[in-house]
Amino acid sequence: MVIVGIVAVCVVLAVLAFFVPRLSRHPERGTQRTLGAGSRAGGKAPGVLGRLFSKPFRSSSKAVGSSGSAGRRARSRMPF
């Protein structure tokens, strides 16, 4: 269920970044801030568990950032 939610956020951000690139940065940063808080909370677990609990949040944050930048990059390459 969480994976579906992250995929949906990435798709929405990519579409938003394509159509309104300047306005897409605020939702992208908010999503990354939320995922960063989850990563920091998961990282407080001791030892290997901390890395395991924080990894899904870090990879989700990377996916959100790359989908937003991909939408803006695609928009900049359009001929019109």
Item to check | Mean Cβ neighbour count within 10 Å, used as a protection proxy, ranking 60-72, 7-19, 36-48 highest first | outcome: 60-72, 7-19, 36-48
Item to check | Coarse-grained scattering of the stretch 41-80 at q = 0.15, 0.17, 0.28 Å⁻¹, given as base-10 log I(q)/I(0) from a Debye sum over alpha-carbon atoms | outcome: -0.49, -0.55, -0.83
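Place a +1 charge on the Cβ of each Lys and Arg in the chain and a -1 charge on the Cβ of each Asp and Glu, then give the dipole magnitude about the Cα centre in debye, rounded to the nearest 20. Don't skip to the answer; put the middle values down first.
On the way: 14 positive and 1 negative charges, 57 e Å.
Dipole of the chain, to the nearest 20 debye: 280 debye.
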Checklist outcome for this item: Carbon/sulfur accessible area of the stretch 1-63, % of total, 1.4 Å probe, equals 71 percent
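The values are calculated or read from the model by the stated rules, or taken from the named source; none is laboratory data. What you see is a predicted model, and the numbers here were worked out from it, not measured in a lab. Quick reminder, even Gly has a Cβ in these numbers, built from the backbone with ideal geometry, and neighbours come from all protein chains shown. Please note that ligands, DNA and RNA were not included when accessible areas were found on the heavy atoms of the full protein model with its side chains. Shrake-Rupley method; radii C 1.70, N 1.55, O 1.52, S 1.80 Å.
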